[in-house]
Ligand code: NAD
Ligand code: UD1
């Protein structure tokens, strides 16, 4: 049997493909390459020393999806495909709702038609909104999202919960990622944003490699130890391994389960900057700038459920993630050359 990886050419998808191959799973990657390069899949093949099919297809193309399910013996789907830029989602809400929600509904319809009812879904800590106290636990209320991207995750979670209520044969794992950073230790795959990075780690890495002049730290007057925002940065390889554990669980337990994938520890912007400087040996110039609209002060996981139920926990440190990001960025200053 094979696992269909939608968005498998992307940042988290490519790292997850490697972990699945290493565990002896058969995979089929499906991607429309709107935010990825086929080179990432080539690199995964090279590191793993294994081949696998890569299908260029949009998750909103029902006939294209049907052909994939007819051709390959898919028994489960790990669903990464989606648009993820918060700012862009505010400007293009219809595109985000269509791609992320419309695409997921299309995929689910074809899965049901083909009798495949196991899914691991990429959700986000953003569904906790701004009013829960940290650390965030899976049983806290969700919603109150502040942008269409976050709202797509909140709605898709609800759709998947409803689906599991309607039909007990479905097995769905909702994985709420905290802040994925880092890269594979080979330095061959990593995060390759288009244009100016929205997120902290890729921005720091581009300053380090000389592509940007300096980092802008968005606010130093938050109620945190040094005044800068605090997040739960998780190494992407740890995150990828979490998918393997979630998949094993979903293959044996029916219904919808939710897991935070985070480290359980908060790290400030200035702490991450300092860890990166140590790991790379490069000084990063920075300037304090106004707060970014929509940001919350502190966000980190209660990661105990994943450890208890899935037997998974993050093992890599912030330093490891900075070292691995730097190796990737230094060797691939232009990403995959998109
Ligand atoms: P990414 O952009 O690198 O990967 C997403 C992949 O999906 C890309 O390869 C893109 O080409 C593909 N895709 C997008 N729309 C598609 C469509 N309609 N049909 C087929 N393929 C399509 O992003 P990522 O960081 O790897 O994130 C993967 C998933 O995890 C996304 O759903 C994202 O929202 C979610 N997530 C990411 C983060 C993060 O910080 N990176 C945090 C929380 C959740
Ligand atoms: C952001 C998104 C969130 C999404 C997540 C992963 C927003 C408001 N939130 O989360 O919905 O799920 O990315 O894609 O965009 N920072 C700087 N300078 C920068 C960039 C960031 O100081 O150039 C700070 C931020 O203010 C924040 C921290 O670094 O305190 C982390 O920011 P970022 O990497 O963008 O992640 P989130 O804001 O947690």
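No value in this document is a laboratory result; all are computed from the given coordinates. Source: prediction; values computed, not measured. Every residue, glycine among them, receives a Cβ derived from its backbone with ideal geometry; neighbour counts consider all protein chains shown.
Being in contact with a helix residue (DSSP H, G or I) (Cβ under 7 Å, 6 or more places away or on another chain) and surrounded by fewer than 20 Cβ atoms within 10 Å (Cβ to Cβ) is the requirement here; does residue 214 meet it?
Yes, satisfied.
I need a count of the residues in region 172-198 that are within 23 Å of residue 126 (Cα to Cα) and either touching a strand residue (DSSP E or B) at 6+ places or on another chain (Cβ under 7 Å) or surrounded by 15 or more Cβ atoms within 10 Å (Cβ to Cβ) (or both). Qualifying residue count, region 172-198: 17. Scan region 159-171 for residues that are surrounded by fewer than 20 Cβ atoms within 10 Å (Cβ to Cβ) and within 16 Å of ligand 1 (Cβ to nearest atom) and jot them down. Hit for region 159-171 is 159, nothing else. Out of curiosity, is residue 89 within 15 Å of ligand 2 (Cβ to nearest atom), surrounded by 16 or more Cβ atoms within 10 Å (Cβ to Cβ), over 20 Å from residue 256 (Cβ atoms) and within 19 Å of the chain's Cα centre (by Cα)? It is true that residue 89 is within 15 Å of ligand 2 (Cβ to nearest atom), surrounded by 16 or more Cβ atoms within 10 Å (Cβ to Cβ), over 20 Å from residue 256 (Cβ atoms) and within 19 Å of the chain's Cα centre (by Cα).
Residues in region 123-153 that are touching a helix residue (DSSP H, G or I) at 6+ places or on another chain (Cβ under 6 Å), under 17 Å from residue 257 (Cβ atoms) and in contact (Cβ under 8 Å) with a residue 24 or more places away in the chain: 123, 124, 127, 136, 138, 153.
Only residues that are more than 27 Å from residue 63 (Cβ to Cβ) and assigned to a loop (DSSP other than H, G, I, E, B) were counted in region 81-103, giving 1.
Go through the residues of region 287-297 one by one and say whether even a single one is within 18 Å of the chain's Cα centre (by Cα) and in a loop (DSSP other than H, G, I, E, B). Checked against the condition, which is being within 18 Å of the chain's Cα centre (by Cα) and in a loop (DSSP other than H, G, I, E, B), region 287-297 yields no hits at all. Which residues, counting only those in region 119-134, are buried (at least 20 other Cβ atoms within 10 Å of the Cβ) and either more than 19 Å from the chain's Cα centre (by Cα) or closer than 23 Å to residue 295 by Cβ (or both)? Hits for region 119-134 are 122, 123, 124, 125, 126, 127, 128.
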